[in-house]
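The values are calculated or read from the model by the stated rules, or taken from the named source; none is laboratory data. Just so we're clear, the structure is a prediction, and the values are computed from it rather than from any experiment. Here Cβ is always computed from backbone atoms with ideal geometry, including for glycine, and neighbour counts include all displayed protein chains. With ligands, DNA and RNA removed, areas are computed over all heavy atoms of the protein, side chains included. Shrake-Rupley method; radii C 1.70, N 1.55, O 1.52, S 1.80 Å.
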Amino acid sequence: MLFNPKPKMKREELYDREEELSLIENSIEKGLPLIVLLGIRRLGKSSLLNVTLNELPYRSIKIDARKVYSEFGSVPKEAIGKLILQGYLRGSTKERAKETLKSLKGVRIGGLGIELSVDKSVSLHEVLERIDSIGERFIIAIDEAQYLRFSNSRYPELIAWAMDELQNVSFILTGSEVGLLEDFLGIHNPESALFGRAHREIRLKRFERRQSIDFLRRGFEEIGLNVPEDDIEETVGELDGIVGWLTLYGYNRYLGMSHREALNRLKEDAKRLILSEFSALKRLSPRYELAMRAVANGKHRWKEIKETVELLEGKRIDDKNFSNVLNNLVRYGYLEKTIEGYFIPDPLVEHAFR
Ligand SMILES: Nc1ncnc2c1ncn2[C@@H]1O[C@H](COP(=O)(O)OP(=O)(O)OP(=O)(O)O)[C@@H](O)[C@H]1O
Ligand SMILES: [Mg+2]
């Protein structure tokens, strides 16, 4: 159902995104080795990725880099190597698995089933070369790929090498911390291994007003709930075209809440979630939160945001230092910079900091 709050897996559950889906599929069909899918949180990157991988007639693996990071405190190559091989061998017989893994450094196959163990001596170059040599298309999708930066391994160099040397391996990377992922990959940085590489970049946008309204209408139709137009209009007015929030509102209604209850509950839950996501940045410096509060309360120009934060801190802040704070908030996707100044792209994030 459209209001299922988990990331979607099948095309029937995915509202629209037809254009993005066919862009990714065409790029893969044409053998493009690198696709980058960008967009702030809760716009449906993971859902789009799942559906794409489900529809393409190739073997693939989806790696959640954020999850690997939270499990290991870094993104070690042996964890990535294991996930890649597990994905590649999914559904294989033990004979085929053994054949594929034969004499791969650092990789062993367990006694029963095809339980793999991969140790530090693994070479990801060797793993990818082996997969490539089998001659079937294989897609490695890495969700929240900006987390790959927490590693001793230099993943952008590995990807650049694979793009040059391999025929059958493609990468799809997603990132919600758009600026961080761009900096990490360095596609626009002459010093970086991936500089200037042919790739396809897709920026996911929020739904337009008419799409958001249509999304809610269809979702309610699907669950057989008669919801007044006014409720729908107000919801879209408050949540904008952020499909993750629209979905949760719909799900609350599905659970039996009234319009008001559903909206209020969503705002409370969202606030808690957003502030907990933000806590990592806040730990770096409490100044990040003060800057967000200034913007949420209507300050948008660099100078007025700075003055507000100075007032809150009770001391002067160095210009360069303050620019870093705002630039980082942009890189993490909490702020957007336009010619009119700095804005919060998500109304519930704005609400959480007000
Ligand atoms: N096109 C869509 N149609 C219907 N529901 C969607 C669509 N895209 C996303 N959703 C729903 O919105 C929510 C957020 O989606 P998803 O997790 O895929 O987004 P995301 O961009 O990966 O978010 P995050 O940055 O938090 O990882 C989920 O509840 C998902 O089911
Ligand atoms: Mg996601």
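Tell me whether segment 17-36 contains one or more residues that are open to solvent by 30 Å² or more (accessible area, probe 1.4 Å) and in contact with a Lys or Arg (Cβ under 6 Å, 6 or more places away or on another chain).
Yes, segment 17-36 has at least one match.
Test Phe171 against the criterion of being closer than 22 Å to Asn26 by Cα, away from ligand 2 (no atom under 16 Å from the Cβ) and at pLDDT 95 or above, and give yes or no.
Against the criterion (closer than 22 Å to Asn26 by Cα, away from ligand 2 (no atom under 16 Å from the Cβ) and at pLDDT 95 or above), Phe171 qualifies.
Say we look at segment 244-263 and pick out the residues that are assigned to a helix (DSSP H, G or I) and open to solvent by 70 Å² or more (accessible area, probe 1.4 Å); which of these is farthest from ligand 2 (Cβ to nearest atom)?
Arg260
Could you pull out every one of the helices (runs of 4 or more DSSP H) wholly within segment 270-339 that has 3 or more residues that are without any contact (Cβ under 8 Å) to a residue 12 or more places away in the chain?
Result: 302-313, 319-331.
Filter segment 116-134 down to residues that are open to solvent by 50 Å² or more (accessible area, probe 1.4 Å) and part of a loop (DSSP other than H, G, I, E, B) and give me whichever is farthest from Leu83 (Cα to Cα).
Residue satisfying both the conditions and the ranking: Ile134.
Would you mind telling me which numbered condition in (1) among the hydrophobic types (A, V, I, L, M, F, W, C); (2) modelled with pLDDT under 95; (3) more than 16 Å from ligand 1 (Cβ to nearest atom); (4) within 21 Å of the chain's Cα centre (by Cα) Ile80 fails?
Here Ile80 clears every test but (2).
Here are the criteria: (1) in a loop (DSSP other than H, G, I, E, B); (2) over 30 Å from Ile159 (Cα atoms). Tell me which single one Phe195 does not satisfy.
Among (1) in a loop (DSSP other than H, G, I, E, B); (2) over 30 Å from Ile159 (Cα atoms), Phe195 violates only (2).
Working carefully through the options Leu284, Leu290, Leu311, find the one that is at pLDDT 95 or above and exposed (fewer than 14 other Cβ atoms within 10 Å of the Cβ).
Leu311
Just give me the residues in segment 188-214 being within 18 Å of the chain's Cα centre (by Cα) and farther than 13 Å from Ile35 by Cβ, in sequence order.
Lys205, Arg206, Phe207
Name, by its number, the condition in (1) farther than 17 Å from Tyr332 by Cα; (2) in contact (Cβ under 8 Å) with a residue 60 or more places away in the chain that does not hold for Arg265.
(2) is the only condition that Arg265 fails.
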